Structure formats: structure tokens, C-alpha cells
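Notes for the one structure printed next.
The values are calculated or read from the model by the stated rules, or taken from the named source; none is laboratory data. Keep in mind the model is a prediction, meaning the values are calculated, not measured. Reconstructed Cβ throughout: ideal geometry from the backbone, glycine too, with neighbour counts over all protein chains shown.
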Amino acid sequence: MKKLYIISCIAILVTGLSMCHKADILPDDGYDDRLSAGLATNFDASSHAFTHAIDGLSARDQRVHDLGDQTFESKFVAPPAPVFGGLGPIFNNVSCINCHRNDGGGLPITGSATAGLLIRISQAGTDAQGGPLGIAGFGLQVQDQAILGAKPEAGIGISYTEIPFTYPDGTVVNLRHPEYQLLNPYIPVPVPYMLSPRLAPRLVGMGLLEKIPERTILSFVDAGDQNGDGISGKANYVYDSYTRRTEIGRFGLKANAPTLLLQIALAYQQDMGVTTYATPDESSLGQEQYHSATDNVKSELADTMLNYVTFYVKTLAVPARRNVTDPDVKAGSVLFNQVNCAACHRPTMMTGSEPNVPQLSGQRIHLYTDLLLHDMGEGLADNRPDFLATGRDWRTQPLWGLGMMQKTTGAAYFLHDGRAKSIEEAILWHGGEAQKSRDAFAQLTAGQRAQLIKFLNSL
């Protein structure tokens, strides 16, 4: 992994984090492999590692961050309550924090306050903007809960089949393959449909991802695999319903959201049934239960609150790496590159300019993604297109914070649907463009595999 040279920022990063814990003393040569996100790195290795604001925010910005935090954790209720009264009438959960526990990932369950898994739905074809085509009475997402007097669109049934994977050395790992079905839909689904599970991801570093220059992302595209390495990632271009422009996708498991604002606004609209200035239509639009007096309110979440939450997520710091001097971690880093994981999980990029938050501007960050779509094989396919993403494509997930998921959320599940209960299982599910790397990982000795996983746990 490339190393970040520390100049004048060392003092700020090492001494200015009053709520965080310092790790080892900086080496004499001035390099520090712990800095996953430059000035946006925090040194807390506790269960609250994902919850810190970027250090050094102005007093005003810290206040906005804190107000966003409060809104992020607030639970919505059915209207006409005077405060946070826009819930529903159909929804998946009642607050952001219920799915993103401690600002981390969700649990692969549905229909409860502890859920963190939602189900996208669509039919064959595309809409006028080239995106997924919704279904009358269901839209583009299955809302499995409802306020009193309304009906959930459907329940979600999840079943798993175990598939054994045998390493060349004889070690066996059981992999879970999930199947999803709609239970008791409130009306018959009128057309053949496609379902796609989406597990809530950890939120750290999203402000940095938004500042990666588009030209940087496009430089990684290799249409038609011109270099012959079997990897041909592509960018997703998606329609921004707020700006009414088509832009490069950065967020979401299929890179189907172009901005952090829209990603958050869509979560309020689809996951909670809460309208905003960026998403003014109710998620129940087109359903009989849509017709109520409260549905005439176009922004159930105040404009300032949406902006506060967006700023809150934008300014969440990334946990520092841990155990960077451990010999096994160093060996695992070499193996990570040797089996070519870094071809998609690119270790290092530079952010562009962000004058309003200098800690996001011009930072050399170690995010381990190319933000591109890759064909991940039939085993991980949801068979549901999303703009330019095919039914086999997924956006490369950033790996920073990977090793802190168990500690921050109490349980760690990986991949787009949480089928993998460990990093090892997640690796073994890689197919398609990642098949060669998966096979190379499988060919390693048990000790080498442990070293590579130990490296990933250091991120």
C-alpha cells in the first residue's frame, strides 16, 4: 500500500482528537500507514469508531454536524404529530440509526426496528430516464411495514441454502445462498417482477467519496478489457431526479445515486415514507392509501434538517488503521496485491477541492475501491438491472473500516445482502471479473489466507 507523507498535519491528527485513542508513535521517517483518510481520520478503535466528526471543524460546522446527528437518530411517527410526524404510510424503518447502527452496517433481516435489509423491486424494461421500471402499486421498493390503518406492501421471506466450498488443502467453508420471496402482498403483483436485496452499508468516508474527481474514476474504466487482465469495470450514469441531470453514480450498491444529498433524500422517502424537497412524492404514490390530507405536505422533513443530515454524513471521519506494524498484516498487504485484489479495490486516491470543509480537500486517502461496476458472477447476481448496471454488476465496496464492523455494530455481515458472515466467506463468493483473484486466494496456504484476512481486518 502506498504511504501518506505527513507534513504539517501530524500535530493536528495526533493531538487534536480528544475523544479518540492514539496508536503507536509515528515512525521517524514521517510516514504513517494508519491514516486511512488523511485529515479526515480518527483514532478511536472503540465501538464508536464510526460516529466521530472530522476533527477541526469550525464551531458552526460542528454545530451543524451535531444537529444532523440528532436528526439522524430521531424516530419518525405517523402524522399529524408536530415533530417528526411524517412517517409512512408505508415504510421499512422509523429512523436512520435503526438500519445504520452506530453509523455502521445493518442486519440482514426485515420487518423490525433492528432490520437493515431492504428489497428493491421492478419489472423488465426501463423508465424514461433509463432507470429501473417500477411496478404499479409497489413502485421500486417493497415497504414491509405500515402505520395504523395502512397495509404493508408485502412481507419478505428469506431462506438460506448452504453451499460447501472446499479449499485445495481440504478445508471446507459453508457459504449461505439466500432466496427471497414476497409474503402476503396487499394486492397481487400485476407483472413478473425482479427482487434485489440491499444491506445498509457503513457510512464513514462518504464525504470523501463525493470529492473524488470524475476524471479519476473514469481513468480506471477498461471497456472491453483492453489490457487483457479479465477486469473491465465501468461507470454507472444515473438520472438525478432533483437536479434533472444525468450524472456519474457514486453511492449505493450499484452506484445508482450521484450525490450524497440524493442518496439520503431517497432513504427518507423510500425507507421511511418521509418526503423532502429533493424527493417530494410519497412512496405510496399510486396506491389507494396515498390519498390522505397529510400527503399534500411536500417536505415532511424540514429543508434544513435534510441539509443537516447530509452534512453529518459528509463529515463522518474514517477510523485509522490498526496493527500496521504487525508482520502478518504487512505480509497480508503483499498478498492482497499478489492475488490482484487491488485491481478493483484500489488502495489510494486523491480528493478534489472542497473549500467549505478543508479536511476533505486534497486528501490522499486509502479507500480500497474504484467506485466502478464490475461483473461479480452468477453467484452474486440479483438479475435486476439498474441504469447501466446489469443484473450481475455491483459497485466495488470501499474497504476502510472493514475490520471495525463487528465491534461497532455487534455483528458483521458482508456483501450486498449480508449473506457472508465473515470476510473469508465474502472473498469466496467473488466470481466473474474477480474469479481469478478468488481462485488465487484459495490456492494460498492456510497461513497465508489468515495473513491476508488479518490485513483486511486492519483497515
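Here are some notes:
- Residue, surrounded by the most Cβ atoms within 10 Å (Cβ to Cβ), within the range 210-233, restricted to residues that are among the charged types (D, E, K, R) and over 30 Å from THR276 (Cβ atoms): ASP222
- Between GLY86, GLY104, the distinction of being within 26 Å of GLY401 (Cα to Cα) and crowded, with 22+ Cβ neighbours inside 10 Å belongs to GLY104 only.
- Among the residues of the range 40-83, those identified as in a loop (DSSP other than H, G, I, E, B), hydroxyl-bearing (Ser, Thr, Tyr) and crowded, with 17+ Cβ neighbours inside 10 Å are THR51, SER74.
- Filtering TYR312, TYR308 for residues that are buried (at least 24 other Cβ atoms within 10 Å of the Cβ) and part of a helix (DSSP H, G or I) leaves a single hit, TYR312.
- Among the residues of the range 421-441, those identified as touching a residue at least 60 places away in the same chain (Cβ under 8 Å), surrounded by 18 or more Cβ atoms within 10 Å (Cβ to Cβ) and not charged (D, E, K, R) are LEU428, TRP429, ALA434, SER437, PHE441.
- The residues on offer are ILE119, ILE147, and the sole one that is hydrophobic (A, V, I, L, M, F, W, C), under 30 Å from GLN406 (Cα atoms) and in contact (Cβ under 8 Å) with a residue 12 or more places away in the chain is ILE119.
- Only residues that are touching a helix residue (DSSP H, G or I) at 6+ places or on another chain (Cβ under 7 Å), assigned to a loop (DSSP other than H, G, I, E, B) and either aliphatic (A, V, I, L, M) or modelled with pLDDT of 95 or more (or both) were counted in the range 214-240, giving 2.
- Residue list for the range 357-381, restricted to those being over 20 Å from ARG198 (Cα atoms) and of a type in the set (Val, Ile, Thr): VAL357, ILE365
- Answer from GLY418, GLY403 - the residue that is buried (at least 21 other Cβ atoms within 10 Å of the Cβ) and in a loop (DSSP other than H, G, I, E, B): GLY418
- Within the range 350-387, the set of residues being within 23 Å of ASN236 (Cα to Cα) and outside any loop (DSSP other than H, G, I, E, B) comprises MET350, ILE365, LEU373, HIS374, ASP375, GLU378, GLY379, LEU380, ASP386.
- The residues listed here are LEU208, LEU175; of these, the one that is part of a helix (DSSP H, G or I) and under 29 Å from ASN98 (Cα atoms) is LEU208.
- Here THR41, THR51, THR114, THR71 are screened, and the one residue that is in contact with a Pro (Cβ under 9 Å, 6 or more places away or on another chain) and of a type in the set (S, T, N, Q) is THR41.
- If you check ALA434, ALA440, ALA389, ALA411 for being at negative phi and in contact with a strand residue (DSSP E or B) (Cβ under 6 Å, 6 or more places away or on another chain), only one passes: ALA389.
- With respect to being in a loop (DSSP other than H, G, I, E, B), surrounded by fewer than 18 Cβ atoms within 10 Å (Cβ to Cβ) and either at pLDDT below 95 or small (Gly, Ala, Ser) (or both), SER18 fits the description.
- Within the range 318-336, the presence of a residue that is in a helix (DSSP H, G or I), at pLDDT 95 or above and under 21 Å from the mean Cα position of the chain (by Cα) is excluded.
- Residue pairs meeting the criteria (Cβ under 8 Å; at least 6 apart or on separate chains; first under 17 Å from ALA265 (Cα atoms) and modelled with pLDDT of 85 or more, in the range 282-297; second in a loop (DSSP other than H, G, I, E, B) and among the basic types (Lys, Arg)): none
- Complete set of residues in the range 413-459 that are farther than 25 Å from PRO327 by Cβ, of a type in the set (Gly, Ala, Ser) and touching a Lys or Arg at 6+ places or on another chain (Cβ under 8 Å): ALA420, GLY431, GLY432
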